[in-house]
Structures are given as C-alpha cells and as structure tokens.
1. Looking at K70, K60, K83, which one is farther than 30 Å from P213 by Cα and in contact with a strand residue (DSSP E or B) (Cβ under 8 Å, 6 or more places away or on another chain)?
2. Among the residues of region 48-72, write down those that are without any contact (Cβ under 8 Å) to a residue 40 or more places away in the chain, over 14 Å from E103 (Cβ atoms) and open to solvent by less than 30 Å² (accessible area, probe 1.4 Å).
3. Please indicate, with yes or no, whether at least one residue in region 116-125 is β-branched (V, I, T) and under 16 Å from G16 (Cα atoms).
4. Filtering region 22-37 down to residues that are more than 12 Å from the ligand (Cβ to nearest atom) and farther than 9 Å from P75 by Cα, which residue is surrounded by the fewest Cβ atoms within 10 Å (Cβ to Cβ)?
5. Tell me, please, whether a residue that is open to solvent by 40 Å² or more (accessible area, probe 1.4 Å), part of a helix (DSSP H, G or I), within 15 Å of the ligand (Cβ to nearest atom) and touching a helix residue (DSSP H, G or I) at 6+ places or on another chain (Cβ under 8 Å) can be found in region 208-217.
6. Suppose we filter region 128-179 for residues that are of a type outside the set (D, E) and in a strand (DSSP E or B); how many remain?
7. Go over the candidates D186, D212, D201 one by one and state the one that is of a type in the set (D, E) and closer than 18 Å to P81 by Cα.
8. For region 161-207, which positions are open to solvent by 30 Å² or more (accessible area, probe 1.4 Å), closer than 23 Å to G79 by Cα, touching a residue at least 24 places away in the same chain (Cβ under 8 Å) and within 19 Å of the chain's Cα centre (by Cα)?
Amino acid sequence: MNHQLVPVITIDGPSGAGKGTIAQMLALDLNWNILDSGALYRTLAYFMLIEQINSNDFDKNQEYIKENFKVKFDPGIIGEPVKVIFNDRDITKKVRTEEIARETSNLAADPRIRSFIKPCQREFMALPGLIADGRDMGTVIFNDAKHKFFLTASLEERAKRRQTQLKRQGSEVNMRVLLQELEERDKRDTEREHSPLRSADDSVTIDTSALDPNEVLEEIKRYI
Ligand code: DC
C-alpha cells in the first residue's frame, strides 16, 4: 500500500498523560487503526523474558524474534486498556504490569531494539487512518504525520491516574513508589540518546492535568 495515502495522527507524551485513553477514544470515534507503540515495546520485552533472550544477544536472535513477533491491537472498549494480541493470544494483562514497564524502559533505550521496532510500527499504517500513541511517533516514526499532539500532565496527576489504572487491574501500588518510578522512567525516556521523549516542533501541546478525557478529545477534534 502507498503509505503516503494513509492519514496518521500522532499522540506522544510521558506515562500517565492520558495518551492511551485519548488514542483509544479517537480510534473508536474515527474508526481508525491504533498503534500503541509502548505496548509494542512491552510485548517485545515480555517475549524476550519468556524466551530468556538477553538484550546482549538480540542480534544473534533477531531472525527468530522477527518471525515470531506478530502483534495486533484492538481498541477494545472505553474504560479498559487497548487490547494487545500477540500471536493470536490476548496478553494485555501480562504486559501492562509495572515489572514489564521497568524492563521495557531499559530495552527501549537500546538503538538496535529501536531500529528493529521502527518498520514494525510503520506496518500499522492502513486505511482509513492510524492513531499512533507513544514517545517518538511525531518526532521520528511518523514525522510526516498529518496531525501531531503532545499530551502532558503534572507528575502527581499522572501517578494518581496510574494508581487508579493498576487498582482496576487488581494490583495495589504505594503512591510514593509510583511517584518515584514515574520520575525515574521520565528521566530515562527524556534523557536517553536515541529518540528521547520530546514534543515535535509542529505538534500541539495539551496539558491534561485539569481536563477530563472528553474535554481533551474535544480539543483534539477542534484541530483535526
Ligand atoms: O507508554 P508505555 O508506558 O506503555 O511505554 C513503555 C515504555 O516504552 C516506556 O518506558 C517508554 C518506552 N517507549 C518508547 O521508548 N518509545 C515509544 N514510542 C513508546 C514507548
């Protein structure tokens, strides 16, 4: 397919800024495809963990990983996370844990991993359009996207949202620990050498701290 013809909307920002919810709402509203690139990295981390492949041995195992790394997303329903389907199995709950998040943040700093994931991400471009959620969607992967948004929120608000999300999934996490983990992850994501988290020059920034998801969606729809 000629990728030039597929419209893309990118939604980047730090953890807990509301990207997942907004990307899901937009995908359902427009009936477009969705790419949760964080979940793609998480799935790779999960796969490498269960296959016991150390990141130092990534090159050696790249062919095997490529053959077996078949990921699909289903926007699911509002109020539940976007579904991650790996080799036809729903692994949503398995990859959306703090343990996998920690592993993933380290893995995502590796340039070999990022260049492996890049074409996988571009493959999600399909008509009628794509909503791409991540950290470098607008700056690197889809820098030719039609519309780019950068969502932010205060650290406290993001930690609160993360806690609610984890509670819904059945795990209790201490607020102090969450704040510390988010801060560390932000630092790693923004200071890493390869594709650090930053807003694209041509993106629209929205601070979602005091907005509910419908208000954010309305604001985005005003632009598109
Ligand atoms: O959005 P998330 O929490 O599911 O992302 C998991 C990790 O993957 C996070 O540490 C940032 C990293 N990531 C990335 O480096 N690039 C992306 N495009 C998406 C996520």
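1. Values: K60 fails: in contact with a strand residue (DSSP E or B) (Cβ under 8 Å, 6 or more places away or on another chain); K83 fails: farther than 30 Å from P213 by Cα.
Result: K70 is the single residue among K70, K60, K83 that is farther than 30 Å from P213 by Cα and in contact with a strand residue (DSSP E or B) (Cβ under 8 Å, 6 or more places away or on another chain).
2. Correct list: empty.
3. Residues of region 116-125 β-branched (V, I, T): 117.
Restricting the remaining residues to those that are under 16 Å from G16 (Cα atoms) gives none.
Within region 116-125, none of the residues are β-branched (V, I, T) and under 16 Å from G16 (Cα atoms).
4. Quick first cut of region 22-37, residues more than 12 Å from the ligand (Cβ to nearest atom) only: 22, 24-34.
Next, from what is left, pick out any that are farther than 9 Å from P75 by Cα: 22, 26, 29-32.
Working: I22: 24, L26: 23, D29: 13, L30: 15, N31: 9, W32: 20.
Filtering region 22-37 for residues that are more than 12 Å from the ligand (Cβ to nearest atom) and farther than 9 Å from P75 by Cα, the one surrounded by the fewest Cβ atoms within 10 Å (Cβ to Cβ) comes out as N31.
5. Checked against the condition, which is being open to solvent by 40 Å² or more (accessible area, probe 1.4 Å), part of a helix (DSSP H, G or I), within 15 Å of the ligand (Cβ to nearest atom) and touching a helix residue (DSSP H, G or I) at 6+ places or on another chain (Cβ under 8 Å), region 208-217 yields no hits at all.
6. Applying the first criterion (of a type outside the set (D, E)) to region 128-179 yields 128-132, 134-135, 137-143, 145-155, 158-171, 173-179.
From the residues that got through so far, the ones that are in a strand (DSSP E or B) too are 130-132, 134, 147-152.
Matching residues across region 128-179 total 10.
7. Numbers: D186 fails: closer than 18 Å to P81 by Cα; D201 fails: closer than 18 Å to P81 by Cα.
None of the other options fit; the residue is D212.
8. R161, Q165, Q169, D207, listed by residue number.
The values are calculated or read from the model by the stated rules, or taken from the named source; none is laboratory data. Computed from a prediction, not measured in an experiment: that's the story for all the values here. So basically every Cβ, Gly included, is an ideal-geometry build from the backbone, and we count neighbours across all protein chains shown. When the accessible area is computed, the model is the full protein with side chains, heavy atoms only, and any ligands, DNA or RNA have been set aside. Shrake-Rupley method; radii C 1.70, N 1.55, O 1.52, S 1.80 Å.
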